[in-house]
Amino acid sequence: MNKSSLISLSILFLILGGGMSLISSRISCMGDCYLIVSGDLMFGGQGMRLDRSVGGLIQNSPYLLWGIGGAYLIAGLVKADEKKD
């Protein structure tokens, strides 16, 4: 992989991590998990019911995506430019 593709992948994963962070802040898990789409999180919120494993996966995915994005960013910044003769 060249340097620009590594940095592009890092930007993609960091943006995905930010989006998943916004979504994961709207998930409430107490017995069952709910993705709250309107209203307050606890009282009067309307949303859709999620499986507990899917809710946990969505809540923990921003950390994984930010980690992968950071690793690609470091790899892209450290990688030497290829010289063409």
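General remarks:
- Carbon and sulfur %, accessible surface of the chain computed with the full protein complex present, 1.4 Å: 64 percent
- Each label point was placed 7 Å from the Cα along the Cα-to-Cβ direction; for I74 and V54 their separation is 3.4 nm.
- For the chain, calculated [θ]222 nm from helices alone, where every DSSP H run of n ≥ 4 adds -39500 (n - 2.57): -20500 deg cm²/dmol
- Percent of Cα-Cα distances greater than 17 Å, calculated over the chain: 57 percent
- Annotation: per residue accessible area for the chain equals 71 Å², rounded to a whole number [probe 1.4 Å, protein chains only].
- On Cα atoms only, tilt of 52-78 relative to the major axis of the chain in degrees: 20 degrees
- C-alpha long axis of helix 3-24 to longest principal axis of the chain, angle in °: 10 degrees
The values are calculated or read from the model by the stated rules, or taken from the named source; none is laboratory data. This structure is a prediction, so every number in the text was calculated from the model and none was measured. Here Cβ is always computed from backbone atoms with ideal geometry, including for glycine, and neighbour counts include all displayed protein chains. For the accessible areas, the whole protein counts, side chains as well, though only heavy atoms, and no ligand, DNA or RNA atoms are used. Shrake-Rupley method; radii C 1.70, N 1.55, O 1.52, S 1.80 Å.
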